[in-house]
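*Asks:* Sharing a structure here in structure tokens format.
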Amino acid sequence: ENCDEESNVTQRDQDGSEDQDSKKGQSKTTGTMKKEEEEGKKKKKKKPIVCLIIGMAGSGKTTLLQRLNSHSHQHKIPSYILNLDPAVAKVPYSPNIDIRETVQYKEVMKQYNLGPNGGILTALNLFATRFGQVMGFVDKR
């Protein structure tokens, strides 16, 4: 995991002057400081959580994503799902972007005379040529 630590709160304004409470010699109570800290956290824009699920066939990727999707809907957590598996027959959730709508895996296999693994890799490569568009959709979200 890559987590950023929050920076410490500075008790000086940007111009270097002390805040009004410090000038008057008044100290803030712990309760007031905690309240201000919580308000500050609410104002900060949260970074989205990105979860990339990869694994061998039959390892439970789809089941895990279905449960994560269910959890996010149940707890009203905003989510954006991309299906990047061109060979999956069906998914028990509705992805926001689905590679199968852009690249037809079986057609790629026929056109390039490939087996299943080569078809998947080639389909992903073809989709990657449009990944700028995908990121544009994700950024708008």
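None of the figures in this text is laboratory data; all of them are computed from the coordinates on show. Note that this is a predicted model, so its numbers are computed, not measured. All Cβ positions, even for glycine, are placed from backbone atoms using ideal geometry, and neighbour counts span all protein chains on display.
*Asks:* How many nm separate the modelled label positions at N125 and D139, each set 7 Å beyond the Cα in the direction of the Cβ?
*Replies:* It works out to 2.7 nm between the two label points.
*Asks:* Here's something else I'd like to know. Can you divide the C-alpha Rg of the stretch 73-141 by 2.2 N^0.38 Å and report the result to two decimal places?
*Replies:* Dividing the Cα Rg of the stretch 73-141 by 2.2 N^0.38 Å gives 1.25.
*Asks:* Run the quick spin-label model on Q66 and L82: label points 7 Å from Cα toward the beta carbon, then report their separation in nm to one decimal.
*Replies:* Rounded to a tenth, the inter-label distance reads 2.4 nm.
*Asks:* Same structure, new question: Looking at the stretch 51-91, what % of the alpha carbon pairs are farther apart than 16 Å?
*Replies:* 36
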